[in-house]
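The values are calculated or read from the model by the stated rules, or taken from the named source; none is laboratory data. None of the values given here were measured: they were computed from a predicted structure. A quick note on method: Cβ atoms are made from the backbone with ideal geometry, for glycine too, and the neighbour counts reach across all protein chains shown. To get the accessible areas, we keep the full protein, side chains included, count just its heavy atoms, and leave off ligands, DNA and RNA. Shrake-Rupley method; radii C 1.70, N 1.55, O 1.52, S 1.80 Å.
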Amino acid sequence: MTSPTSRRTLLGALLAGGALAAAPSLPRTAPHPVPHHPHHLPRPPHPAHPATRSTRTLYLGTYTSTSPGGTGVGVAAYDPETAGITARTVVTGVENPSYLALHPTGGTLYAVDEQQNGGVTAVALADGFRVLGTRSTGGAGPCHLSVHPGGRWLLSANYTSGSVAVHPLADDGSVGERTDLVAHSSPAPGPGQDGPHAHQIITSPDGGHVLAVDLGNDTVYTYRLDETRGTLEQVSYAALRPGAGPRHLTFHPDGRHAYLACELDNTAVVCGYDPATGTLTPGDPQSTGTGSGTSYPAQFLVTGDGRFAYLANRGHNSITRYAIEDGGAALRLLDTVPVGGDFPRHTAFSPDGTLLFAANQKSGTVTAFRVDAESGALTSAGTPYPAPAAVCVLPV
């Protein structure tokens, strides 16, 4: 998220229920109550939602309780050729939607509600961005969520309370009552930490295990998801060096290697992964190429062909480019590129991998880069798009 101190200060303000900040005047949608529903695979139609035939949609996660801040989930259009971004609308009725995820069918968007009484909200995209409702995550400060590949379960991570939750998903994409909540009680928190801080929860590429990254415990937990009951069973955990502050894990396309951004000690770690057992084996910490200062690395992106990796550095305001070598087992640092904004909290590729977008929290902008398919080099594209408190970007 932000630095440990400033992030907790920010969360204190968010969880105390700060006032909504003003944002550009745009059309808005209103929330609707949660319908009753069965718990089985959603299959809504996939909406393109293009502003014109040549543009695609860009969803933006924001903080609504900061000043300046957003007013909900931003919806913009981007041109795949020029990377130009234009505003479309805002989906209101979601408090602090700081992280977003799309259902595998493309019909429903999910957002965390990062506040004291944390929640997850579903938005039907084919129905005028209709808010389907919100369910409690059973914890405070949820900062990450993902949809299990089968499309029947929503996974979320409660940062402040250090726990992970599971919710069922219905036919229409709406979220059912929570089926599990697991607290990270051991090992003990790392140096300077006040407790566990779950920062991410994802499914392994083969779908066999669920992994949760905990910054406070310097640990990555591996679970097995019971896809009938929606419960998590821990099968292993990987301990990072004390004070590493692991934040986000990204898999290589081979499913046997992964790359971990460690926020607190400013390092990158290559991990081996055994799909059969779910065991993650971290390697030695590596440089982010940002020097001796604190850069709070945020997350990795890996190209679809598995040749390059990119790491967003918030304090350094840059993106580090690595060559992936030895079949995914090694990273070779190539360069760092200025991100063109302040505090790149989240980055994402366009679906075809030709563009990389960065949500810059402190400057309130989204910047874009063209990705060279041969060299992996990044070239600035388009102009910075104003988006108050932009903390997540999801191009579709």
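Tell me the strands (runs of 3 or more DSSP E) entirely within region 175-294 that contain at least 1 residues that are open to solvent by 20 Å² or more (accessible area, probe 1.4 Å) and either touching a strand residue (DSSP E or B) at 6+ places or on another chain (Cβ under 8 Å) or among the polar types (S, T, N, Q) (or both). Steps first, please.
On the way: elements: 180-183, 198-203, 210-214, 219-226, 231-239, 246-251, 257-262, 267-274, 279-287.
Qualifying strands (runs of 3 or more DSSP E): 180-183, 198-203, 219-226, 231-239, 246-251, 257-262, 267-274, 279-287.
Within the bounds of region 383-393, is there any residue that is in contact with a strand residue (DSSP E or B) (Cβ under 7 Å, 6 or more places away or on another chain) and farther than 18 Å from Pro97 by Cα? Quick ask: steps written out before the conclusion?
Within region 383-393, the first condition is being in contact with a strand residue (DSSP E or B) (Cβ under 7 Å, 6 or more places away or on another chain), and the residues that meet it are 384-393.
Pick out the ones that are also farther than 18 Å from Pro97 by Cα and you get 384-385.
Yes.
Could you tell me whether region 355-373 includes any residue that is under 25 Å from Gly272 (Cα atoms) and open to solvent by less than 20 Å² (accessible area, probe 1.4 Å)? Looking through region 355-373, none of the residues is under 25 Å from Gly272 (Cα atoms) and open to solvent by less than 20 Å² (accessible area, probe 1.4 Å).
Close contacts from region 169-198, counting a first residue that is basic (Lys, Arg) and a second that is open to solvent by less than 70 Å² (accessible area, probe 1.4 Å) and in a loop (DSSP other than H, G, I, E, B), with Cβ to Cβ under 6 Å and a gap of 6+ residues or different chains, come to Arg178/Gly138. Only residues that are buried (at least 16 other Cβ atoms within 10 Å of the Cβ), among the hydrophobic types (A, V, I, L, M, F, W, C) and modelled with pLDDT under 95 were counted in region 48-77, giving 1.
Can you confirm whether Gly84 is buried (at least 23 other Cβ atoms within 10 Å of the Cβ), within 17 Å of Val366 (Cβ to Cβ) and either in contact with a His (Cβ under 9 Å, 6 or more places away or on another chain) or not basic (Lys, Arg) (or both)?
Values: buried (at least 23 other Cβ atoms within 10 Å of the Cβ): no; within 17 Å of Val366 (Cβ to Cβ): yes; either in contact with a His (Cβ under 9 Å, 6 or more places away or on another chain) or not basic (Lys, Arg) (or both): yes.
No.
If you filter region 335-354 down to residues that are over 18 Å from Thr365 (Cβ atoms) and of a type in the set (S, T, N, Q), you find that the one that is surrounded by the most Cβ atoms within 10 Å (Cβ to Cβ) is Thr336. The residues listed here are Gly341, Gly376, Gly327, Gly353; of these, the one that is touching a Pro at 6+ places or on another chain (Cβ under 7 Å) and either acidic (Asp, Glu) or not in a strand (DSSP E or B) (or both) is Gly341.
Yes/no per residue for (1) within 21 Å of Leu356 (Cβ to Cβ); (2) assigned to a loop (DSSP other than H, G, I, E, B); (3) in contact with a Ser or Thr (Cβ under 6 Å, 6 or more places away or on another chain); (4) of a type in the set (A, V, I, L, M, F, W, C):
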| site | (1), (2), (3), (4) |
| --- | --- |
| Ala83 | yes, yes, no, yes |
| Thr89 | no, no, no, no |
| Gly93 | no, yes, no, no |
| Ala101 | yes, no, yes, yes |
| Pro104 | no, yes, no, no |
| Ala111 | no, no, yes, yes |
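Candidates in region 317-329 are the residues that are open to solvent by less than 30 Å² (accessible area, probe 1.4 Å) and within 15 Å of Ala359 (Cα to Cα); of these, the one that is nearest to the chain's Cα centre (by Cα) is Ile319. Residues that are in contact with a Pro (Cβ under 7 Å, 6 or more places away or on another chain), part of a loop (DSSP other than H, G, I, E, B) and open to solvent by 10 Å² or more (accessible area, probe 1.4 Å): does region 142-151 have at least one? The answer is yes, given that some residue of region 142-151 is in contact with a Pro (Cβ under 7 Å, 6 or more places away or on another chain), part of a loop (DSSP other than H, G, I, E, B) and open to solvent by 10 Å² or more (accessible area, probe 1.4 Å).
Applying the condition of being assigned to a loop (DSSP other than H, G, I, E, B) and free of Cβ contacts under 8 Å to residues at least 60 places away in the same chain to region 113-125 and asking which residue is surrounded by the most Cβ atoms within 10 Å (Cβ to Cβ) yields Gly118. Within region 295-316, restricting attention to residues that are in contact with a Gly (Cβ under 7 Å, 6 or more places away or on another chain), in contact (Cβ under 8 Å) with a residue 40 or more places away in the chain and not aromatic (Phe, Trp, Tyr), the residue that is surrounded by the fewest Cβ atoms within 10 Å (Cβ to Cβ) is Gly304.
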